[in-house]
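Written out below as structure tokens is the structure these notes cover.
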There are 2 protein chains.
Amino acid sequence: MINFDYKNPTRIIFGKGTIVQTGSVIKEYGGTRVLLHFGGGSIKGNGVYDEVTKSLKAAGIEIVELGGVQPNPRLSLVREGIKICREKNVDFILAVGGGSVIDSAKAIGVGASYEGDVWDFYAAGKVPQKTLPVGTVLTIAAAGSEMSWSSVITNDDGALKRPLDAQIIYPVFSVLDPETTYSLPAYQTGCGIADMFVHVFERYFTAVKNVDLTDRLCEAIMKTIVNNAKRVLDAPGDYNARAEIMWAGSLAHNNLVGTGRIGDFASHMIEHELSGFNDVAHGAGLAVIVPNWMKFVYRHDLPRFVQFAVRVFDVEQDFHNPDETALRGIKAMRDFFSSIGMPATLAEIGIHEKDFGAIAGKVKKFDEVKGTVGNFRPLGPADVEEILKLAK
Amino acid sequence: MINFDYKNPTRIIFGKGTIVQTGSVIKEYGGTRVLLHFGGGSIKGNGVYDEVTKSLKAAGIEIVELGGVQPNPRLSLVREGIKICREKNVDFILAVGGGSVIDSAKAIGVGASYEGDVWDFYAAGKVPQKTLPVGTVLTIAAAGSEMSWSSVITNDDGALKRPLDAQIIYPVFSVLDPETTYSLPAYQTGCGIADMFVHVFERYFTAVKNVDLTDRLCEAIMKTIVNNAKRVLDAPGDYNARAEIMWAGSLAHNNLVGTGRIGDFASHMIEHELSGFNDVAHGAGLAVIVPNWMKFVYRHDLPRFVQFAVRVFDVEQDFHNPDETALRGIKAMRDFFSSIGMPATLAEIGIHEKDFGAIAGKVKKFDEVKGTVGNFRPLGPADVEEILKLAK
């Protein structure tokens, strides 16, 4: 285990009927004029918009609206939000939606509290010191942004997708009502499940030794996701299964299970370039990359891949043939993604071999000197291209 | 899963050599005049006192000392601490020690910020609204107070032991350096391990259904404790094992694994009366009670006891005989406590049958109308007496 410094201050208000508390909770945090930030309008179809605005009005809160957040949220809308916050003296931002809406709200929060350009925090590595408080009402279990210190924004000009991680951008609260996810289409439910699974997976595959407790916590979350995924897809209105998936999605990315270890995250970085290239859903892109990343790197730490196969997917261990056990685990991973409706090849998501070189070259490097991405097994551009070929 | 409202704001600074950060971290939280609170002086023997005071002095912090906290920390010392904080204008409390020292520091923090008597929060159920900030340097992995919202104080006059749970008393930070626990005697290490195990155990045995994720998180922590307990007792200076046990101890009681469920806690309430009766170490008392509580209640939810046996202690499941499987799990629990040097009977800790009636009568009731304790299987005084008889 390596040393760590961990704090997650987000308050989670979880369960059936909790949206009615939103207005009074915002008042606890001093909010009086709220920017209500949302996406393409699905919250107007499923009743969430009405419930939230009713709760805010009942608490005497003034509402300023900004909808229209897209998947891979855009810098231009963030800038518009910052302008509105200043003009209207907004003192609290409420994100109602999934990860894209929350990431956009976090960006508006730090941007509105800063003299310079908000893109400094994303493109230039500047650390934000202040933010407007951000609360969330989550309607998609996937990204984990509702309990994370991360935000990813895409620049409209250059299709540059850049992350910000900062202690100050944890939401002050998040309301998680599993019933809000009943109306999510099966494909989006599947993409969300793939995304949250891979958040844990990336932390699980570490080169750090002696990480018993966090290994087991990771396995606990991954097994829960696998066991409940089929239930929510078979019965979209199964409250218990939706609740397990929703809480798992937050714990998958709130940094707790990454304490004392260094995650890999090469698959995430490769996938970011697929999304940038072709507006692929993040979970779908991950489902294509991950099993092929596994095939490419599994011999680097065979015992860890055997442990993954046995403990997460209940693969029967062949003690005389660890390679075979590891490969069965990789197949189980592939089969799981297929079972939740995820694509298996780059061709299925419209990405072809002629583009592999360009994509591999664009992947953000963790180590600029060595030119590699990933921590479990650092990969150069040629390695990334091999993985893309395995995934074609 | 039931609805919940969860927030844990404690910052954890974990690892080898982290004590040197204590002074600068206190300054981040605005501390300038610190009450340094500790126990019987073991921190002077193992070098922790020197390291901490050096760090505080280097940060230009003024130190006021109050040592002498006993196991089952006393109200009289809390009152003395409150008086000192007022007289010396203390603006931060640093607890250096284990759960007793931290619980005492939390009591001083709320008492110093309140016009009335601090005992109101413990005996009269008043909710504290303000506190001096409390930080900790943990030297015993056991109680989990370093990341919890709990404090238990014993009134000197009546041997009344009373708990306070409040959002405001989470420490602002805790420094966890596993090396500080190397010098802990084997018996105290064992008591700490029993204590942390039972914190998870009490949450695990719930009557709430559909709690897949938190079941698995509980199992992850319990398995880690079991697997690393022998390692720390065999080799007290095994950093990796000490680190697993220390982080497990905090996660065991920080409320995360209790989200969405209602724990039992009858064994804790019964044990509190043993400690009150005979100054028994908390972990030792729990080790005596828990396996006998299990024997008394296991038929109430046999599948949960089978799950515990199979998943936590790797008991080979007899599918045709769940009773047998559950009983093997109970035996494994008993054997584990014995393997870490814990007593098995009340006689060994000096408590005899003539006192069982009095002890059973004193146990704090959760349900005053029905007169019962425990949530998994509510127990009346006659039930508690039966458990004490099983434990004689």
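Only the coordinates and a few stated rules stand behind these numbers; no lab work does. Every value quoted in this text rests on a predicted model; they were computed, and no experiment measured them. All Cβ positions, even for glycine, are placed from backbone atoms using ideal geometry, and neighbour counts span all protein chains on display.
Brief remarks follow.
- Calculated log₁₀ intensity ratio I(q)/I(0) where the Debye formula runs over C-alpha points of the protein assembly as shown, q = 0.06, 0.11 Å⁻¹: -0.38, -1.32
- Near-label residues of region B:119-156 by backbone N, under 15 Å of a point 7 Å along Cα→Cβ of B:Arg86: B:119-120, B:132
- Each Cα pair under 8 Å and six or more residues apart adds its sequence gap; the mean of these over the residue count of region B:185-390 is a relative contact order of 25 percent.
- Cα-based shape type of region A:305-392, given that a ≥ b ≥ c are square roots of the gyration tensor eigenvalues and the cut on a/c is 1.5: oblate
- When A:Lys370 is represented by a point 7 angstrom out along its Cα-to-C-beta vector, the spacings to that point in the other copies are 6.0 nm, nearest first.
- Using only alpha carbons, chain A has a radius of gyration to Kirkwood radius ratio (Rg to Rh) of 0.96.
- Spin-label pair B:Ile63/B:Ala347, simplified geometry with 7 Å Cα→Cβ offset, distance in nm: 4.9
- Alpha-carbon spread of region A:94-134, three principal axes, descending order, Å: 27, 18, 12
- Selection among A:Ala166, A:Phe205, B:Ser275 by position relative to the dipole of the protein assembly as shown gives A:Ala166 as farthest towards the positive end (Cβ unit charges, Cα centre).
- Mean sequence separation of contacting Cα pairs (under 8 Å, at least six apart), scaled by the length of chain B, corresponds to a relative contact order of 15 percent.
- Computed lengthening from B:Gln129 to B:Ile2, 0.36 nm per intervening residue step minus Cα-Cα distance: 43.0 nm
- For chain B, modelled as a GNM whose springs connect Cα atoms under 10 angstrom apart, the maximal fluctuation among B:Asn228, B:Asn321, B:Asn46 occurs at B:Asn321.
- Of the complete DSSP H runs in chain B, those spanning 20 angstrom or more by Cα along the long axis with a mean Kyte-Doolittle score not below 0.5 are B:282-297.
- Cα-centred dipole magnitude for region A:234-307, charges only on beta-carbon of K, R (+1) and D, E (-1), debye, nearest 20: 320
- Mean separation of Cα contacts under 8 Å, 6 or more apart, over the residue count of region A:11-180: relative contact order %: 28
- Formal net charge of residues neighbouring A:Glu385 (Cβ-Cβ distance under 14 Å; K, R +1; D, E -1): -1
- Ordering B:Cys218, A:Val232, B:Gly97 by the projection of their Cα atoms onto the charge dipole of the protein assembly as shown, which places +1 on the Cβ of Lys and Arg and -1 on the Cβ of Asp and Glu, puts B:Gly97 at the extreme positive end.
- Here the residues A:Lys230, A:Lys126, A:Lys209, ranked from fewest to most Cβ neighbours within 10 Å of their Cβ, fall in the order A:Lys209, A:Lys230, A:Lys126.
- Other copies of A:Val127: label-to-label distances in nm, shortest first, labels 7 Å along the beta-carbon direction: 3.5
- Counting 0.36 nm for each residue step from A:Tyr29 to A:Ala358 and taking away their Cα separation leaves a gain of 113.8 nm.
- Distance violations [Cα-Cα > 21 Å] among B:Lys223/B:Lys392; B:Lys16/B:Lys223; A:Lys83/A:Lys130; B:Lys331/B:Lys370: B:Lys223/B:Lys392; B:Lys16/B:Lys223; B:Lys331/B:Lys370
- Inter-copy spacing of B:Ile168 label points, which lie 7 Å from Cα along Cα→Cβ, given in nm from shortest upward: 2.8
- Peptide A:8-16 has a mean shielding of 6, counted as Cβ atoms of other protein chains within 10 Å of each residue's Cβ.
- Per the Debye formula on identical point scatterers at the alpha carbon atoms of region A:185-390, with no solvent, log10 I(q)/I(0) at q = 0.08, 0.12, 0.17 Å⁻¹ is -0.25, -0.59, -1.21.
- Of the trypsin sites (Lys or Arg not before Pro) in region A:290-388, the ones in a loop by DSSP (not H, G, I, E or B) with at most 16 other beta carbons within 10 Å are A:Lys364, A:Lys365, A:Lys370.
- Modelled this way, with points 7 Å down the Cα-to-C-beta line, the labels at A:Asp318 and B:Tyr239 are 3.9 nm from one another.
- Inter-chain neighbour count for B:213-224: the average number of beta-carbon atoms from partner chains within 10 Å of each residue's beta-carbon is 6.
- Estimated from helices alone, the mean residue ellipticity of chain B at 222 nm is -15000 deg cm²/dmol (sum of -39500 (n - 2.57) over DSSP H runs with n ≥ 4, per residue).
- Zone residues, region B:88-107, relative to B:Ser113, backbone N less than 13 Å from point 7 Å out along Cα-to-Cβ: B:91-93, B:106-107
- Relative to the current alpha-carbon distance between A:Val20 and A:Asp335, full extension at 0.36 nm per residue lengthens the span by 109.4 nm.
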